[in-house]
Amino acid sequence: MKSVNCISIASLLLIITNSFSAQEVADSISPNYIYKAVRTETPPVIDGRVDDDCWENVGTWSGTFVQQQPDEGKPETEETHIKILYDDHNMYVAFRAYDSEPEKINRWLAPRDQLKGDAVAIIFDSYDDKRTGFCFALTAGGTRADFLVSNTSSNDYTWNAVWDGKVSFDDKGWYAEFRIPLSQLRYSNKEVEQEWGMGALRSIDRKLETDHLHLIPRQNDGFVHSLGRLTGISNLPKSRRIELSPYTSLKYQLTQKEEGNPYATGSEWGYGAGLDGKIGLSSDFTLDFTINPDFGQVEADPSTINLTAFETYYEEKRPFFLEGKNIFSMLGEKMFYSRRIGSRPQWSPDEEDGRYSKVPEQTHILSAVKVSGKSKKGLSLGIVNSLTSKESARITENGREYRMTAQPFTSYSVARVQQDIKGGNTVVGGMISSVNRSLEEEHLSGLTRNAYVGAVDFEQYILDRRYYTMGSVKYSYVEGSKDAITKLQRSPVHYFQREGATHVKVDESRTSLQGTSGSIMVGRGGKNNKWVGEQYFSWASPGFELNDMGYLESADYKLFRGYIAYVENTPTGIFRNYNLVAFHRTLWDYSGVITYNNEGFETNISFMNKWYLYFCAFYEGYNVSNGLLRGGMPVRSNPRWGTDMSFGTDQAKKVWFKGYHGTCFGSVQRYAQYAWAEVNYRPIPNLGLTARLEYDYMNMGLDYVASPDLLSSPKADLPQTDRKAYILAARKQNIVGLTLRMDYSITPDLSVQFYGNPFMSSGKYTAFKRATNTMDKKFSNRFRPLDDKVLAYHSADNNYSVTEVNGNTYTFDNPDFSFREFRFNLVARWEYRPNSILYLVWGQERSGSDSEYISSFSQNTSALFKYHPNNVLMLKLNYWFSL
């Protein structure tokens, strides 16, 4: 159970009012730290030794650093110095990271962008917009990492730059050298004298210590906003940025051969070639493009079983869409869900005896273009357009093959703009998206033709950024045939057909659907505030629709949530830091019915021994589910309560653990246990092993089973309870999953990674009942039990039949199940020259299910490895160069 941080406005205002007397800024913070870079005529050799003449005789080494963790504001425990030089082509950075116990430095080597062990990092806000920082990091093992930092706690590791860095050691500590091409940064070409934001950090892993050249408190008014200043950079040449990366790939797939099926021959070859490119349109904006892209994922999506009517959300893993994705974020519902582009075709032929078909696994992306960047005056811009091809399903029937369109030619476009005002304390912006499909065939009439969403948003910080407010408003418009819009109204996102809803109804004559959503957030944060809090209100009207381009689980809601928290970052006794949070959340639909509410508290504790603990307790009152019966009547649910707890040990050790346990209790057999345990082991510095075992047990008193028709031709004007029999049952379910990972780094540029995920889930349904008075206060009055007098099981058909006293008869399938799946990927990655990478991949997937409940772990495991595996072998090579 994931809690939401929330509390009432009255309580938050009381806390804010009583907290003005708190010390706002630590005495040790220098708000105007300035470091001056110096031009060098002779560049250093990047070997990590830091012994070149320029390091000795040009410029000035910095003073010592200051602790951010654990003792914020106190001097670092190990001495650190930094120097920054530059020329017309590169920025050069050197660290001297002294250590009184050099043998204890964690020199762990990991794949790129994984910061393991001791590390140093440099951050440049070359835009000087106080909103975006370019971070370059080196670990003591030599691993390079680069990412974008913002004023929030999230970092964007999908950004990849072309740069060089090396490390070395002696009996005094370790040293790091960076060479960062100016072409990888974004700065104004119009200014002779440059002034950037700058930060330098050092992490001492065994002490869980983070040191800053210019202290940025853990409780700050925006990380990038709090950076120090870098001066001395002048007369830089205009940057010329043209980067090209052609690729070629080869794939061989081994699958199970099926007798008589012309599309299941047991093997298949595939190949591809394309071009990725990046062109600097100006010093501020960049054009990214890809022609005939290869958007295969290196790591498979995690296994899951979805027993709800809602779509499963998967994270994006394709680099083109990952890089710079933060610019498309906006408060409220997600407008740009890039997994829509190139997804599996939306139509497939019905399965019939004697018919064989093959539908492409993914829609082919013809091209994709992205323009992004930020001007010196604070104008941020992001534009993406992608064209996907018309895809056909191949169908063979009675020896004759023909094709039918499975996915029409489609254009996806999204544009985002933001303008900083007053140094970033005020931000206004907007966003639009469109999806346009070329629909010609009758069998695709269930798809929408055009979908548009427009939005505006703002951010405002006041009183030294201690207080903030943010807001957004969105409008959606979708059009299509009557069939498409009727289907949309009846979808799980909307459920206009549900019984008893006076504010919505299905209109089968409609050819469009429109709606609005919005969000408003107010809060208190800022430097070293002990008391912080936030309030959030949002809504989505019944007709609001995002799912052609974005992601929306459900419309027709109004939400109010908030939290207040006490934060202590000063080490005290056994505590390094801790917080205490009280939260509340209430959700209701447009008719005013409360569909969800909960409240509770949570705490996060970090101990002096570098362990951590999280604990949460919550209570949920009476709620109403509009979706449990999949478009049927609303159902009242009884209260429940529960706890969440997680812990972790010292991650600087060779072996460390973390785990989680959650429990839900409630009336009418509502009981669940969720648990996982993870062990991480690093036997040698360049090998990391991880194993996570997950076990969930659920005994749910009420779950949807089926809704068979009561009449052969139901009349639309009859109540739903007279047209359909809504069947529910108690569900007992077990889930067992194991996630295995291995990272073996032979060098900083050559690594082998393994990901494996066996997964099993079994469910048993008992105590069948038919929904009747679903809103009655007494649980037993909401349903009519289906006992042995009216219910009969037929093993030959694996279904149940019901003969009621009033003569109604109907059947439904046995919902019991056992599902098993195993996915793994083995990937060798060699960066043989900067940003030029050779991938070798072996992927395997096997899965299957039975319509019966099998609880035995050994039986499920045995069945899993009897399934025929689908194997994929892939080679991909790209070559990066710049002009």
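From the backbone phi of region 102-111, what are the Karplus-calculated ³J(HN,Hα) couplings (6.51 cos²θ - 1.76 cosθ + 1.60, θ = phi - 60°) in whole Hz, Gly and Pro given as x?
x, 5, 9, 5, 7, 9, 5, 10, 9, x
Per residue, what accessible area does region 415-485 have, given a 1.4 Å probe and all protein chains present, in Å²?
Dividing the accessible area of region 415-485 by its residue count gives 44 Å².
Using Cα positions and a limit of under 21 Å, work out the lysines in reach of Lys876, with same-chain residues fewer than 8 apart set aside.
In chain and number order, the partners are Lys251, Lys278, Lys317.
I need the shape label for region 736-883. Rule: rounded when a/c is under 1.5, else prolate if a/b > b/c, else oblate, with a, b, c from the alpha carbon gyration tensor.
prolate
Report the Cα-based extents of region 615-682 along its three principal axes, largest first, to the nearest Å.
The Cα atoms of region 615-682 stretch 55, 23, 17 Å along the principal axes, largest first.
Among all the aspartates and glutamates, which ones have a C-alpha under 19 Å from Lys654's C-alpha, if same-chain residues fewer than 8 places away are not counted?
Glu101, Glu103, Asp118, Asp205, Glu209, Glu678, Asp743
So what are the radius of gyration and Dmax for the Cα set of region 492-649, in Å?
Spelled out, the Cα radius of gyration and Dmax of region 492-649 are 20.3, 69 Å.
Just to verify a number: FRET efficiency for Tyr622 and Ser795, C-beta to C-beta distance, R0 = 41 Å, to 0.05?
Once rounded, the FRET efficiency stands at 0.55.
Just the number please: accessible area per residue for region 80-224, 1.4 Å probe, all protein chains included, in Å².
With the other protein chains kept in place, region 80-224 gives 30 Å² per residue.
Rounded to the nearest Å, what's the spacing between the alpha carbon centres of region 211-274 and region 389-409? Just the number, please.
Taking the Cα centre of each part, region 211-274 and region 389-409 sit 34 Å apart.
Apply 1/(1 + (r/R0)^6) to the Cβ-Cβ distance of Val162 and Phe615, taking R0 = 35 Å, and write down the FRET efficiency to the nearest 0.05.
According to the calculation, E is roughly 0.20.
Past 31 Å, Cα to Cα, is the threshold; run Lys257/Lys334; Lys74/Lys130; Lys474/Lys505; Lys653/Lys764 against it and keep the listed order.
In this structure, Lys257/Lys334; Lys653/Lys764 exceed 31 Å between Cα atoms.
Which one of Val532, Asn680, Val417 is farthest out on the positive end of the charge dipole of the chain, using unit charges on Cβ (Lys, Arg +1; Asp, Glu -1) and the Cα centre as origin?
Towards the positive end, the residue furthest out is Val532.
Given the rule -39500 (n - 2.57) for each run of at least 4 DSSP H residues, summed and divided by the residues of the chain, what is its mean residue ellipticity at 222 nm, to the nearest 500 deg cm²/dmol?
-1000 deg cm²/dmol
Where in region 847-866 is the amide nitrogen less than 19 Å from a point lying 7 Å along the Cα-to-Cβ axis of Tyr697?
Output list for this probe position: 853-861.
What is the ratio of the Cα radius of gyration of region 413-542 to 2.2 N^0.38 Å, with N the residue count, to two decimals?
Numbers: Rg = 19.9 Å, N = 130, 2.2 N^0.38 = 14.0 Å.
Dividing the Cα Rg of region 413-542 by 2.2 N^0.38 Å gives 1.43.
How large is the translational diffusion coefficient of region 762-846 in µm² per second when you combine the Kirkwood radius over alpha carbon pairs with Stokes-Einstein at 37 °C and 0.692 mPa s?
Details: Rh = 17.9 Å.
In µm²/s, the coefficient rounds to 183.
Would you mind calculating the gained length between Leu463 and Leu580 on full extension (0.36 nm times residue separation, minus the Cα-Cα distance), in nm to one decimal? Mind dumping the intermediate values first?
Values: separation 117, 0.36 × 117 = 42.12 nm, distance 2.46 nm.
Result for the pair: 39.7 nm of gain on full extension.
Glu243 accessible area, nearest 10 Å², 1.4 Å probe?
My reading of the accessible area for Glu243 is about 20 Å².
Taking the Cα centre of each part, how many Å lie between region 664-701 and region 484-562?
Using only Cα atoms to place each centre, the spacing works out to 32 Å.
For Arg206 and Val192 in the same chain, what is the full-extension length gain: residue separation times 0.36 nm, less their Cα-Cα distance, in nm?
Numbers: separation 14, 0.36 × 14 = 5.04 nm, distance 4.37 nm.
Full extension of this stretch gives 0.7 nm more.
For Asp420, enumerate residues with amide H under 5 Å from its amide H, sequence gap 5+ or separate chain, H modeled in the peptide plane.
Residues meeting the criterion, in which the H sits 1.01 Å from N, are Leu379, Ser380.
With labels modelled as points extended 7 Å from the Cα through the Cβ direction, what inter-label distance (nm, one decimal) is found for Phe657 paired with Trp842?
If labels sit at Phe657 and Trp842, their model points lie 3.3 nm apart.
Per the Cauchy relation, a quarter of the hull surface: what is the mean projected area of the convex hull of the alpha carbons in region 393-475, in nm²?
Here the figure is 8.2 nm², rounded to one decimal.
Computed over the Cα atoms of the chain, what is the convex hull's projected area averaged over all directions, in nm²?
38.1
What list of ³J(HN,Hα) couplings, whole Hz, do you get for region 804-809 from phi and the Karplus terms 6.51, -1.76, 1.60, once you set θ to phi - 60° and write x for glycine and proline?
Taking θ as phi minus 60°, the curve returns 7, 4, 7, x, 5, 10 Hz for region 804-809.
Once both labels are modelled 7 Å past Cα along the beta-carbon direction, what's the Met645-Thr502 spacing in nm?
4.7
Given a Förster radius of 25 Å and the C-beta distance between Tyr98 and Asp53 as r, what FRET efficiency does 1/(1 + (r/R0)^6) yield to the nearest 0.05?
It comes out at approximately 0.70.
Quick one: which of Lys104/Lys172; Lys376/Lys422; Lys83/Lys207; Lys558/Lys724 span more than 18 angstrom between C-alpha atoms?
The answer is Lys83/Lys207; Lys558/Lys724.
Determine the gain in length on full extension of the stretch Leu689-Asn450; use 0.36 nm per residue of separation and subtract their C-alpha separation, reporting nm with one decimal.
81.3 nm
P(r) for region 565-648, please, calculated from all Cα pair distances in 5 Å bins and given in %.
3, 13, 17, 15, 13, 10, 9, 8, 6, 4, 1, 0
The values are calculated or read from the model by the stated rules, or taken from the named source; none is laboratory data. All values reported here derive from a predicted model rather than from experimental measurement. Neighbour counts are summed over all protein chains in view; Cβ atoms, including those assigned to glycine, are modelled from backbone coordinates with ideal geometry. What goes into the accessible areas is simple: the full protein's heavy atoms, side chains included, and nothing from ligands, DNA or RNA. Shrake-Rupley method; radii C 1.70, N 1.55, O 1.52, S 1.80 Å.
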